[in-house]
1. Can you list the aspartates and glutamates whose alpha carbon sits under 18 Å from that of K36, skipping same-chain ones fewer than 8 residues off?
2. Rounded, prolate or oblate for the chain? Axes are the square roots of the Cα gyration tensor eigenvalues, ordered a ≥ b ≥ c, and the cut-off for rounded is a/c under 1.5.
3. For the chain, which trypsin sites (Lys or Arg not before Pro) are in a loop by DSSP, counting at most 16 other Cβ atoms within 10 Å?
4. Not counting ligands, DNA or RNA, and with a 1.4 Å probe, what is D51's accessible surface area in Å² rounded to the nearest 10?
5. Hey, what's the chain come to in accessible area per residue, 1.4 Å probe, Å²?
6. When the accessible area of the chain is computed with all protein chains present and a 1.4 Å probe, what percentage of it is carbon and sulfur?
7. Helix-only estimate, please: 222 nm mean residue ellipticity of the chain, summing -39500 (n - 2.57) across DSSP H runs of length 4 or more and dividing by its residues, to the nearest 500.
8. Taking a spot 7 Å from the Cα of S12 along the direction of its beta carbon, which residues of segment 30-48 have an amide N less than 20 Å from it?
Amino acid sequence: MAGKFEIFKDKSGGYRFRLKAANGEQVASSESYTTKASAIGGTEAVQRAADGASVVDLTGE
């Protein structure tokens, strides 16, 4: 089973998403959006950006 994005309302009434791994562990969460459509757009942006993304080590180790 693949990971999934969950869209939910936060305490202030805004919309957020979280990315959960296949094992149910939360691996990322979003800022608060004013509309549900914007939150969905945020998930789509993450999907596009992550496709083929590289890992850059900035630790200097």
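1. Those aspartates and glutamates meeting the cut-off are E6, D10, E44.
2. Prolate.
3. Values: sites: K4, K9, K11, R16, R18, K20, K36, R48; in loops: K11.
Answer in residue order: K11.
4. Counting only protein heavy atoms, the figure is 130 Å².
5. 77
6. On the chain, the fraction of accessible area on carbon and sulfur atoms equals 51 percent.
7. My calculation for the chain gives -8000 deg cm²/dmol from helical runs alone.
8. What the label zone holds, given the 20 Å backbone N cut-off, is 30-43.
The values are calculated or read from the model by the stated rules, or taken from the named source; none is laboratory data. Remember, predicted model here, so these are calculated numbers, not experimental data. Reconstructed Cβ throughout: ideal geometry from the backbone, glycine too, with neighbour counts over all protein chains shown. For the accessible areas, the whole protein counts, side chains as well, though only heavy atoms, and no ligand, DNA or RNA atoms are used. Shrake-Rupley method; radii C 1.70, N 1.55, O 1.52, S 1.80 Å.
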